[in-house]
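Visitor: Quick one: the structure is below, and I'll ask about it shortly.
The values are calculated or read from the model by the stated rules, or taken from the named source; none is laboratory data. Keep in mind that this is a model prediction, so the values were computed, not measured. Counting neighbours? That spans all protein chains shown, and the Cβs are built from the backbone with ideal geometry, glycine included.
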Amino acid sequence: MSEEAFAKSFIDDLARLPVTGPKVLSAPSPSLQYMLPKHPTTPQKRKRTTSSPDSSSSSTITITLKPRKDGAELSLPAQPLTTSIYDLKAAYAAHTGYPVDKFKLLNGMKPETTGSKTVAEIFGLKEGEDAKDVEFKIMLMAGATAQPMPDRVVSPPVTLPVDAKTDVTPAVRSPDEAPVAQGLSGEGVMHTEKFWGDLKGWLIQRIRDEKEGERLAGLFRVAWEKASA
């Protein structure tokens, strides 16, 4: 067979083949779909922060308590930032003799009445930072009177002679023994304003909150007056 005859025969064979369109590929089954694995991320190394020798948790400042008018000024050096309003009032009361419920501490023109509030919270101070000295003003309330603070003098014990008739030595009272209280006693004490003032001052010292101490003292007084009516 010649080459020409072979070519014609091959073309005729191709012409007899059925003609079909292009195949349409269907979407893969969901079961065959998969996610490419994520590349593992290398954890970043955390930088170590070393605190300087100067920064410590024992930052201290000088706190000055200065009266608005005439009065004794008190400077408290090397005070921790956790010093509370109650601590400052107690220190000023011990220095001047004024009861803690007869004066207030002012930060500028604002009275600080929460006894548990610290100096760090009031002035936004943080441990380890250079803190400037702070100052509070003292505002005495109406009728505030400094209580006398006499120095305690301890005298030596006195030994009395033995009674010749009874051969009994009289009792010797120690100089540290408190004398018997004189004046009002019992329910009569509760009718005085001094008793309720002392109670309010004691409550403020115990719970370190001036507003709450005044509220509780008022509740106790109202309850007692109703019970004794």
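Visitor: For the subset of segment 172-207 comprising residues that are of a type in the set (D, E, K, R) and modelled with pLDDT of 75 or more, which member is nearest to the chain's Cα centre (by Cα)?
Guide: Step one: list which residues in segment 172-207 are of a type in the set (D, E, K, R), which gives 173, 176-177, 187, 193-194, 198, 200, 206.
Going one step further and asking which of them are modelled with pLDDT of 75 or more, we end up with 187, 193-194, 198, 200, 206.
On the way: E187: 39, E193: 33, K194: 32, D198: 26, K200: 23, R206: 16 Å.
In this case the residue turns out to be R206.
Visitor: Continuing with the same structure: Hey, can you tell me all the residues within segment 92-113 that are polar (S, T, N, Q) and surrounded by fewer than 18 Cβ atoms within 10 Å (Cβ to Cβ)? Please lay out each step first, then the result.
Guide: Step one: list which residues in segment 92-113 are polar (S, T, N, Q), which gives 96, 107, 113.
Across segment 92-113, the qualifying residues are N107, T113.
Visitor: Would you check which residues across segment 92-130 are of a type in the set (S, T, Y) and more than 20 Å from Q205 (Cβ to Cβ) and list them? Break it down stepwise before answering.
Guide: Taking segment 92-130 first, the residues of a type in the set (S, T, Y) are 92, 96, 98, 113-114, 116, 118.
Scanning segment 92-130 gives no hits.
Visitor: Does any residue in segment 205-229 that is assigned by TED's automatic domain parsing to the domain that holds T82 and surrounded by 15 or more Cβ atoms within 10 Å (Cβ to Cβ) come within less than 8 Å, Cβ to Cβ, of a residue that is modelled with pLDDT under 85 and outside any loop (DSSP other than H, G, I, E, B) six or more places away or on a different chain, and which pairs are these?
Guide: Within 8 Å, no pair qualifies.
Visitor: For D130, are the conditions met, namely being of a type in the set (D, E, K, R) and at pLDDT below 90?
Guide: yes
Visitor: Does segment 154-168 contain any residue that is closer than 23 Å to G97 by Cα, at pLDDT 55 or above and not assigned by TED's automatic domain parsing to the domain that holds G71?
Guide: no
Visitor: Scanning for something at pLDDT 90 or above, loosely packed, with under 14 Cβ neighbours inside 10 Å and under 30 Å from L216 (Cα atoms), does segment 71-91 turn up at least one residue?
Guide: Checked segment 71-91: at least one residue is at pLDDT 90 or above, loosely packed, with under 14 Cβ neighbours inside 10 Å and under 30 Å from L216 (Cα atoms).
Visitor: Any residue that is surrounded by fewer than 13 Cβ atoms within 10 Å (Cβ to Cβ) and not small (G, A, S) - is there at least one of those in segment 114-128?
Guide: yes
Visitor: Could you say which residue among S29, S58 is among the polar types (S, T, N, Q), out of contact with any helix residue (DSSP H, G or I) (no Cβ under 6 Å at 6 or more places or on another chain) and at pLDDT below 65?
Guide: Only one candidate qualifies: S29.
Visitor: Would you please list the contacts, defined by Cβ atoms under 7 Å and residues six or more apart or on different chains, that run from a residue in segment 63-89 that is in the same structural domain as R208 (by TED's automatic domain parsing) to a residue that is of a type outside the set (K, R) and surrounded by fewer than 16 Cβ atoms within 10 Å (Cβ to Cβ)?
Guide: none
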